[in-house]
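S.K.: Starting off with a structure, shown below.
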Amino acid sequence: MADAPSLADKATLIIDGRGHDYTVRTGTVGPRVVDIRKLYADTDVFTYDPGFTSTASCQSKITYIDGDQGILLHRGYPIDQLAEKSSFMEVSYLLLHGELPSSAELDTFSNTITRHTMLHEQLATFYRGFRRDAHPMAVMCGVVGALSAFYHDSTDITDPEQRMIASHRLIAKMPTIAAMAYKYTLGQPFMYPDNSLSYTGNFLRMTFGVPAERYEVDPVIESAMDKIFILHADHEQNASTSTVRLAGSSGANPFACIAAGIACLWGPAHGGANEAALNMLREIGRPERIPEYIARAKDKNDPFRLMGFGHRVYKNFDPRAKVLSKAATEVLDKLGIVDPVLDTARELEQIALKDDYFVEKKLYPNVDFYSGVILSAIGFPTSMFTALFALARTVGWVAQWNEMISDPDQKIGRPRQLYVGAAQRDYVPVNQR
Ligand code: SDX
């Protein structure tokens, strides 16, 4: 018989004068949860939490974030250690399987991913349907959603083997799809994957290489790109991950679920912020124009927000922003690039972090504030920034999707509402209105 729950393990909700007890569950670390699954059945009352600011949608072992301390752990490992010491392939294995791989396990995993990097040839034709100036994220949404029309043999979500093949296919093909989306905007020929290269080196060659000449992967760029992929790989139950989980809860195939995640990530409040942040920094141009933009960000009547600042969870520095801030200086120095936007970013950060508005609202730079400076130095146009975010986040999405499907607590997601519309009324014929 389990011990009787202590007071810390119980919450009582009094509705219409009657008390209803609910279990309080404690995780490994972080906020406890009140298990309210029986609330509606007990009380005929819903909870109300638009934006899910106080709601846990699931239990998970993958990523932990402490917003007050600015901590981000992947399967218990701090993000700064992974960014400095690991590789995107190794972090991908960790996210999917829960443990850091042995050398043999990493080789097998990397080889498996490498063997899935090619796309069905017919998909190259699919790109031809887009305008050349289509936003790469529009192409990513379309092409990834179409994958289920080509890989039917890995869409049975009840089969763990098919789930893992689909996961490997998605992780492996996203670089190819993203690189092709970029090439298509340029009118340059698509580059086939080169299995002799690393995951990230292969992506750089497919993106910046041309058939007419040999492409040498620059180790500085390869290392910076790989670090950026690691920093974007997963982030708990963010909007796009929650979208993937919700889509997956209906039994939709994995390719459709990831396409849904890509669509959600595109929003400027989410993954689209990296593109918006660099555009904003370029628009500001000179440090002397920063006060004007700070004033706009604080003006309630102005919809302008400081892009790359603020976060639903982090009320301290986003640990990924700290790594990216340091990497920005390192990469630009190594590449011999002087970009005034980096000075503007640093100046903006300093001014904002001393401003009462940002201090009171605990608004700090997030992952999107510095990433664009590095991506621009590597040679990407801002329109590709969110596609790169989607490429890296795919492993987090598929890890969370697999966890959701295997979770006995999970069922189709179906939130309710507080109805504030018209009470029932009878139809009025048009000639009597
Ligand atoms: C990502 O969830 C994740 O984990 C996402 C992510 C991931 O890895 O998956 O970390 C990636 O999406 C990072 C966030 C990128 N987005 C941006 O940089 C866009 C700019 N930031 C904001 O729009 C905003 O900060 C959000 C959307 C990120 C968070 O918004 P919240 O948590 O809903 O907070 P809020 O909008 O209620 O803001 C609280 C207050 C408001 O003022 P009041 O109404 O209380 O007076 O802070 C203000 C906001 O107006 N505020 C900002 C601001 N962000 C919040 N004011 C100016 N500039 C900003 N950037």
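The values are calculated or read from the model by the stated rules, or taken from the named source; none is laboratory data. Note that the structure is a prediction, hence the values are computed from the model and not measured. All Cβ positions, glycine included, derive from the backbone under ideal geometry; neighbour counts span all protein chains shown. Ligands, DNA and RNA are stripped out before the accessible areas are found, and what is left, the full protein with its side chains, is counted by its heavy atoms. Shrake-Rupley method; radii C 1.70, N 1.55, O 1.52, S 1.80 Å.
S.K.: With the requirement that a residue be more than 28 Å from Leu73 (Cβ to Cβ), away from the ligand (no atom under 11 Å from the Cβ), free of Cβ contacts under 8 Å to residues at least 60 places away in the same chain and open to solvent by 30 Å² or more (accessible area, probe 1.4 Å), what does the stretch 301-338 give you?
M.R.: Asn301, Asp333, Gly336, Ile337, Val338
S.K.: In the stretch 353-379, which residue that is small (Gly, Ala, Ser) and over 23 Å from Leu72 (Cα atoms) is farthest from the ligand (Cβ to nearest atom)?
M.R.: Narrowing the stretch 353-379 to residues small (Gly, Ala, Ser): 371-372, 376-377, 379.
Now narrow it down to the ones that are over 23 Å from Leu72 (Cα atoms): 376-377, 379.
Working: Ser376: 17, Ala377: 20, Gly379: 23 Å.
The extreme case among them is Gly379.
S.K.: Okay, moving on. If we keep just the residues of the stretch 271-316 that are small (Gly, Ala, Ser) and in a helix (DSSP H, G or I), which is nearest to the chain's Cα centre (by Cα)?
M.R.: Here is the first cut: in the stretch 271-316, the ones small (Gly, Ala, Ser) are 271-273, 276-277, 285, 295, 297, 308, 310.
If we keep only those that are in a helix (DSSP H, G or I) as well, we get 273, 276-277, 295, 297.
On the way: Ala273: 11, Ala276: 16, Ala277: 16, Ala295: 29, Ala297: 24 Å.
Restricting to residues being small (Gly, Ala, Ser) and in a helix (DSSP H, G or I), the top hit is Ala273.
S.K.: How many residues are under 12 Å from Met140 (Cβ atoms) and without any contact (Cβ under 8 Å) to a residue 40 or more places away in the chain when one looks only at the stretch 246-259?
M.R.: 0
S.K.: Can you find a residue in the stretch 159-169 that is open to solvent by 20 Å² or more (accessible area, probe 1.4 Å), more than 30 Å from Ser250 (Cα to Cα) and outside any helix (DSSP H, G or I)? Let's see the steps before the verdict.
M.R.: At the first step, the residues of the stretch 159-169 found to be open to solvent by 20 Å² or more (accessible area, probe 1.4 Å) are 159-165, 168-169.
Within this subset, residues satisfying the condition of being more than 30 Å from Ser250 (Cα to Cα) are none.
Within the stretch 159-169, not a single residue is open to solvent by 20 Å² or more (accessible area, probe 1.4 Å), more than 30 Å from Ser250 (Cα to Cα) and outside any helix (DSSP H, G or I).
S.K.: Moving to a separate point now. Does the stretch 388-433 hold any residues that are assigned to a loop (DSSP other than H, G, I, E, B), of a type in the set (Gly, Ala, Ser) and surrounded by 15 or more Cβ atoms within 10 Å (Cβ to Cβ), and which are they? Reasoning before the result, please.
M.R.: Going through the stretch 388-433, the residues assigned to a loop (DSSP other than H, G, I, E, B) turn out to be 407-429, 433.
Now narrow it down to the ones that are of a type in the set (Gly, Ala, Ser): 413, 421-423.
Within the stretch 388-433, Gly413 is the sole residue that qualifies.
S.K.: In the stretch 18-47, what residues are at positive phi and either surrounded by 13 or more Cβ atoms within 10 Å (Cβ to Cβ) or of a type in the set (S, T, N, Q) (or both)? Don't jump to the end; show me each part of the working.
M.R.: First, pick out the residues of the stretch 18-47 that are at positive phi: 30, 44.
Answer for the stretch 18-47, where residues must be at positive phi and either surrounded by 13 or more Cβ atoms within 10 Å (Cβ to Cβ) or of a type in the set (S, T, N, Q) (or both): just Gly30.
S.K.: Do we find that Asp339 is farther than 30 Å from Lys61 by Cβ, more than 24 Å from the chain's Cα centre (by Cα) and modelled with pLDDT of 95 or more in this structure?
M.R.: Values: farther than 30 Å from Lys61 by Cβ: yes; more than 24 Å from the chain's Cα centre (by Cα): yes; modelled with pLDDT of 95 or more: no.
So Asp339 does not fit the description; no.
S.K.: Next question, about the same structure. Does the stretch 86-97 contain at least one residue that is surrounded by fewer than 19 Cβ atoms within 10 Å (Cβ to Cβ) and over 20 Å from the mean Cα position of the chain (by Cα)?
M.R.: No; the residues of the stretch 86-97 include none that is surrounded by fewer than 19 Cβ atoms within 10 Å (Cβ to Cβ) and over 20 Å from the mean Cα position of the chain (by Cα).
S.K.: Assuming Lys354 fulfils every condition listed in (1) in contact with a Gly (Cβ under 9 Å, 6 or more places away or on another chain); (2) of a type in the set (Lys, Arg); (3) surrounded by fewer than 12 Cβ atoms within 10 Å (Cβ to Cβ) apart from one, which condition is it?
M.R.: (1) is the only condition that Lys354 fails.
S.K.: Can you give me the number of residues within the stretch 287-300 that are under 18 Å from Ala273 (Cβ atoms) and surrounded by fewer than 16 Cβ atoms within 10 Å (Cβ to Cβ)?
M.R.: 1
S.K.: Shifting gears a bit: Would you pick out the residues in the stretch 107-152 that are outside any loop (DSSP other than H, G, I, E, B), under 23 Å from Met89 (Cβ atoms), open to solvent by less than 60 Å² (accessible area, probe 1.4 Å) and not aliphatic (A, V, I, L, M)?
M.R.: Phe109, Ser110, Thr112, Thr114
S.K.: Mind listing whichever residues of the stretch 205-228 are of a type outside the set (Val, Ile, Thr), in contact (Cβ under 8 Å) with a residue 24 or more places away in the chain and within 14 Å of Leu324 (Cα to Cα)?
M.R.: Of everything in the stretch 205-228, those that are of a type outside the set (Val, Ile, Thr), in contact (Cβ under 8 Å) with a residue 24 or more places away in the chain and within 14 Å of Leu324 (Cα to Cα) turn out to be Ala224, Met225, Asp226, Lys227.
S.K.: Which of the residues spanning the stretch 229-246 are surrounded by fewer than 22 Cβ atoms within 10 Å (Cβ to Cβ) and more than 7 Å from the ligand (Cβ to nearest atom)?
M.R.: Gln237, Ser242, Thr243, Leu246
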